[in-house]
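First comes the structure, then the notes that go with it.
The values are calculated or read from the model by the stated rules, or taken from the named source; none is laboratory data. The structure displayed is predicted, hence computed values, not measured ones. Positions of Cβ are backbone-derived with ideal geometry, glycine not excepted, and every protein chain shown enters the neighbour counts.
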């Protein structure tokens with residue numbers, strides 16, 4: 001149990017550090033890359049959960065994450081392509097990638113209920129952090145109506161994911 005808590009705290013501290021400094025001005029190409037990074041990270045983590053989760057609710061949630069984040073990524077690419085916005089890496093997206101890789105390495109070591117709990121804890125934390133990022137940084141810096149609409153729509157989906165993750169985590 002102590003090992004699980006230490007692993008979880010590492011994931012939480014790492015994620016909080018990137019979102020803490022993500023409140024400065026950014027442009028839409030950076031927003032595009034941040035969204036792509038978030039979606040790819042979610043798909044990667046959910047794929048790992050599909051293979052390792054022992055709880056059927058966790059596996060179903062992971063499948064939902066794969067489906068919804070693939071769809072979100074496709075929608076974002078369509079909006080950004082139509083607006084002629086090319087993703088531009090930023091320190092935020094680079095840090096998100098590093099943190100995702102670190103979390104994946106930690107989850108790789110876990111099995112069974114410990115994996116399920118850690119994955120769902122990370123999902124609760126990540127979805128809350130992304131909601132905060134959308135509210136504090138992405139939406140205020142979005143310039144085009146299409147990007148604002150995309151972010152607003154994504155925010156609703158992410159809020160739903162957070163609620164589901166909290167329910168599943170509470171039942172574990």
- Item | Hits in the range 76-103 (condition: within 18 Å of residue 157 (Cβ to Cβ) and either without any contact (Cβ under 8 Å) to a residue 60 or more places away in the chain or under 16 Å from the mean Cα position of the chain (by Cα) (or both)) | 76, 77, 78
- Message: Looking at the structure I just gave you, is residue 84 out of contact with any strand residue (DSSP E or B) (no Cβ under 8 Å at 6 or more places or on another chain) and assigned to a helix (DSSP H, G or I)?
- Response: no
- Task: Would you check if there is a residue in the range 71-91 being modelled with pLDDT under 95 and within 19 Å of residue 169 (Cβ to Cβ)?
- Result: no
- Note on the structure: Filtering the range 126-172 down to residues that are without any contact (Cβ under 8 Å) to a residue 40 or more places away in the chain and under 12 Å from the mean Cα position of the chain (by Cα) yields 127, 128, 131, 134, 155, 158, 159, 162
